[in-house]
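What follows is a short report on a single structure.
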Amino acid sequence: MLVIRQEQWEAMRGAQREAFYGDLLRKMRTQHPEWCAEESDEATLDLIMWAAAKARTYGLFMAADVTRFVQFVMRYGRDFETHPQMVWARAILNDPDLIGPDKLACIEAQQAAG
């Protein structure tokens, strides 16, 4: 029987996380070239990691959901959900009756409605 020690498991998870962040960095460079042109890769990666951690506090755990949340942060700024004109986003993100993808869909629908 194969036994994976805790430190081995953590190393594998860390490698997956680093690969995910690297993929996100490449995606953000393509989707937000104006932002990335003004910031170093290190600063962009720091923002991505910060946004990913923040996404988890709202129950966004799937890679696709974290990616969408990072895109919101890139588009609207850190703590966008606390800005006076976007307080509705905070209510959606904190709604315990919504799951991750539904929270993001509600935010996108609200944005589209203006």
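Which of the residues spanning segment 34-54 are of a type outside the set (Ser, Thr, Tyr) and more than 18 Å from Ala19 (Cα to Cα)? Of everything in segment 34-54, those that are of a type outside the set (Ser, Thr, Tyr) and more than 18 Å from Ala19 (Cα to Cα) turn out to be Glu34, Trp35, Cys36, Ala37, Glu38, Glu39, Lys54.
Test each condition in (1) modelled with pLDDT of 95 or more; (2) in contact with a Cys (Cβ under 7 Å, 6 or more places away or on another chain) for Arg29 and report the one that comes out false. Condition (1) is where Arg29 drops out.
Considering only residues of segment 52-70 that are part of a loop (DSSP other than H, G, I, E, B) and among the aromatic types (Phe, Trp, Tyr), which is surrounded by the fewest Cβ atoms within 10 Å (Cβ to Cβ)? Checking each candidate, the answer is Phe61.
Evaluating Ala11 against the criteria (1) closer than 24 Å to Ile92 by Cβ; (2) small (Gly, Ala, Ser); (3) modelled with pLDDT under 90 leaves one unmet condition, (1).
To keep it simple, each residue is scored yes or no on (1) surrounded by 15 or more Cβ atoms within 10 Å (Cβ to Cβ); (2) at pLDDT 95 or above; (3) assigned to a helix (DSSP H, G or I).
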| site | (1), (2), (3) |
| --- | --- |
| Leu2 | no, no, no |
| Phe20 | yes, no, yes |
| Leu24 | yes, no, yes |
| Thr44 | yes, no, yes |
| Trp50 | no, yes, yes |
| Phe72 | yes, no, yes |
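Annotation: of all residues in segment 55-96 being basic (Lys, Arg) and within 10 Å of the chain's Cα centre (by Cα), the one that is nearest to Cys36 (Cα to Cα) is Arg68. Figure legend. Inter-residue proximity from segment 83-101: first residues closer than 21 Å to Ala64 by Cα, second residues of a type in the set (S, T, N, Q) and part of a helix (DSSP H, G or I), beta-carbon distance below 9 Å, spacing 6+ or different chains. Indicated pairs: Ala89/Thr82; Ala89/Gln110; Ala89/Gln111; Arg90/Thr82; Ile92/Gln110; Leu93/Thr57.
Checking each residue in segment 56-114 for being among the small types (Gly, Ala, Ser), in contact with an Asp or Glu (Cβ under 8 Å, 6 or more places away or on another chain) and farther than 21 Å from Phe20 by Cα picks out only Ala89.
The values are calculated or read from the model by the stated rules, or taken from the named source; none is laboratory data. Since we're looking at a predicted model, the values are computed, not measured. As a convention, Cβ positions derive from the backbone with ideal geometry for all residues, glycine included, and neighbour counts pool all protein chains shown.
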